[in-house]
1. Please enumerate the residues belonging to segment 65-119 that are among the β-branched types (Val, Ile, Thr) and surrounded by fewer than 15 Cβ atoms within 10 Å (Cβ to Cβ).
2. Determine if segment 147-165 includes at least one residue that is of a type in the set (Val, Ile, Thr), at pLDDT 95 or above, surrounded by fewer than 17 Cβ atoms within 10 Å (Cβ to Cβ) and part of a helix (DSSP H, G or I).
3. Just give me the residues in segment 67-100 being under 15 Å from the mean Cα position of the chain (by Cα) and either at pLDDT 95 or above or more than 24 Å from residue 34 (Cβ to Cβ) (or both), in sequence order.
4. Does residue 47 satisfy the criteria of being in a helix (DSSP H, G or I) and out of contact with any strand residue (DSSP E or B) (no Cβ under 6 Å at 6 or more places or on another chain)?
5. Could you say whether any residue in segment 98-105 is of a type outside the set (A, V, I, L, M), without any contact (Cβ under 8 Å) to a residue 40 or more places away in the chain and part of a helix (DSSP H, G or I)?
6. Answer with yes or no whether residue 112 is on the phi > 0 side of the Ramachandran plot and at pLDDT 90 or above.
7. So residue 156 clears everything in (1) among the charged types (D, E, K, R); (2) free of Cβ contacts under 8 Å to residues at least 40 places away in the same chain; (3) more than 15 Å from residue 168 (Cα to Cα) except one condition, right? Which one?
Amino acid sequence: MRFFLKKKQFLSIFLPMVILGIDPGSITTGYAFLKKADNRIQVLEYGTFHANATKNLEDRLVHIVSELESRLELYHPDALAMEGVFFAKNAKSALVLGHIRGAILVACRRRGMTYEEYPPRVVKQAVTGDGAASKEQVANMVFAHLGIADSELPLDATDALAIAWTHANPAPLAQSLLGKKSSTRKKKATVQQWKDLITKMGGTIQ
């Protein structure tokens with residue numbers, strides 16, 4: 001079985017780059033800046049942008065993007081990696097999250113950054129080896145991968161670290177996905193299993 005990486009993922013293996021990981025939220029948005037060079041990863045900064053829940057959407061957007069832009073000017077990231085699939089309780093929540101994601105994406109693309117989306121299950125699989133891992137398990141593993149002392153960080157921040165780490169490590173991501181495919185491959189039914197099924201359904205075997 002072959003696994004092909006996109007050109008920008010292939011180049012990220014060899015070229016020094018700064019990666020911005022984002023876990024978008026309507027009130028709290030997690031962010032993480034990682035620098036990858038010579039196959040080593042340096043943590044530059046991570047945390048959350050917290051918007052006042054009492055403010056209207058447009059003011060929250062301004063706050064989040066303003067906080068983000070100040071750090072974009074500081075770190076000059078090359079790539080944006082963001083959670084690609086999000087779940088909302090209702091249509092209004094989905095629309096609000098769409099606005100947040102769109103505003104962040106525009107701010108980054110205007111600076112020439114590349115963009116990649118990673119569904120939560122893919123990030124969990126890459127970081128922990130288990131696509132159904134809890135957020136706490138993801139946090140513990142990403143701390144271990146990046147050599148960060150365990151702390152009481154908001155899960156939005158640790159999710160952003162995990163997303164950035166996943167983008168910085170296309171090889172482990174490929175291996176984890178291949179491993180998942182091989183482990184979930186269905187086994188062929190045995191002759192006895194077919195006989196049992198036919199008998200159960202009222203059939204007869206000649």
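1. 85, 106
2. no
3. Hits for segment 67-100 are 79, 80, 81, 82, 87.
4. No.
5. Yes, some residue in segment 98-105 is of a type outside the set (A, V, I, L, M), without any contact (Cβ under 8 Å) to a residue 40 or more places away in the chain and part of a helix (DSSP H, G or I).
6. The answer is yes for residue 112.
7. Only one criterion is unmet by residue 156, namely (2).
The values are calculated or read from the model by the stated rules, or taken from the named source; none is laboratory data. Not measured: the values here are computed from a predicted model. A quick note on method: Cβ atoms are made from the backbone with ideal geometry, for glycine too, and the neighbour counts reach across all protein chains shown.
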